[in-house]
Amino acid sequence: MIRTRFAPSPNGQLHLGHAWAALVAHDLARAGGGEFLLRIEDIDGTRSRPELAQTFRDDLHWLGLTWDAEVIQSQRLGHYAAAGARLKAMGLLYPCRCTRAQIAAAAREIGPDGPVYPGTCRRHPIDPDGHDMAWRLDVAGAMARTGPLHWDDALAGRQAARPDLFGDVVILRKEAPASYHLAATLDDAADAVTLVTRGMDLFAATHIHRLLQALLDLPVPRWHHHPLLLDDDTGRKLAKRRGSPSLADRRDAGQDGIALAEALRRHDFPAGISLGVGVGSLS
Ligand code: GLU
């Protein structure tokens, strides 16, 4: 049975781009007679506003969407910590106290997520005591253990996994027992998601997720990275901070959510917005 999910982070209100992502995931599940899950990715301790989860539910109902189950990441911290401990016991994580500024200054490459970590704390191990410390994955060590990996995208086809593009990513954050990569990978497995549906801006993240699946013996789903709603003027994905009204604002203004969902399904987008891949999304 097909099972998809929509996994918004409550760091800000949902906008049209999120409505599009939710519709794609919802409709793919329903078309296959399957299930659709809502996952609240609320473990970004610094920016997360858990109270937004209720607004998200109201937004989705307004669009006419229903879901079969709901997952809240902050309720799964023990599960993430256990997987982190397992990766540590495999000798694949190392502690790091480098700041963003230090990494930007020392980095030699730019990866899909910005400056690639230059491996400073792998080459010069730090004492893993105290706090203010993240744990990074030794990606080369991990890949040596798993061998070559592949993954399948419904639109882009078969991909050779290239987790090395990111360098040694953070797996356990300073302020949370999991990074996005670890939490999302574990959740998709725990919830038996069979088709991971998300925007092309997260295409490259799948290289890391595929590696984590192999290391942690998790089932391997298929992926469907869909095109994004882009602002025609900038070619960048919609964002509230770039002036795209939130779904909550549209609701409050009396707009008809079901009609909006139908228009999006017909690819009838508001003026100045079109579907596209977005800058740098596929690297
Ligand atoms: N929480 C992520 C976002 O809001 C989506 C993560 C995912 O779908 O894997 O962009």
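Among the candidates 156, 184, which residue alone is more than 14 Å from the ligand (Cβ to nearest atom) and either closer than 17 Å to residue 223 by Cβ or among the aliphatic types (A, V, I, L, M) (or both)?
156
Which of the strands (runs of 3 or more DSSP E) contained wholly in segment 124-219 include at least 2 residues that are surrounded by fewer than 20 Cβ atoms within 10 Å (Cβ to Cβ) and touching a residue at least 60 places away in the same chain (Cβ under 8 Å)?
150-153
Can you tell me which condition residue 10 does not meet? The list is (1) in contact (Cβ under 8 Å) with a residue 24 or more places away in the chain; (2) assigned to a helix (DSSP H, G or I), and all the others hold.
Only one criterion in (1) in contact (Cβ under 8 Å) with a residue 24 or more places away in the chain; (2) assigned to a helix (DSSP H, G or I) is unmet by residue 10, namely (2).
Would you check if residue 67 is at negative phi, in a loop (DSSP other than H, G, I, E, B) and in contact with a helix residue (DSSP H, G or I) (Cβ under 9 Å, 6 or more places away or on another chain)?
Criteria met by residue 67.
Take residue 47 and tell me if it is in contact (Cβ under 8 Å) with a residue 24 or more places away in the chain and assigned to a loop (DSSP other than H, G, I, E, B).
Values: in contact (Cβ under 8 Å) with a residue 24 or more places away in the chain: yes; assigned to a loop (DSSP other than H, G, I, E, B): yes.
So residue 47 passes the test.
In segment 29-61, what residues are aliphatic (A, V, I, L, M) and surrounded by 21 or more Cβ atoms within 10 Å (Cβ to Cβ)?
Result: 29, 37, 38, 40, 43, 60.
Coordinate-derived values only; no laboratory data. For clarity, every value in this text was computed on a predicted model and none was experimentally measured. Cβ: placed from backbone, ideal geometry, glycine included. Neighbour counts: every protein chain shown.
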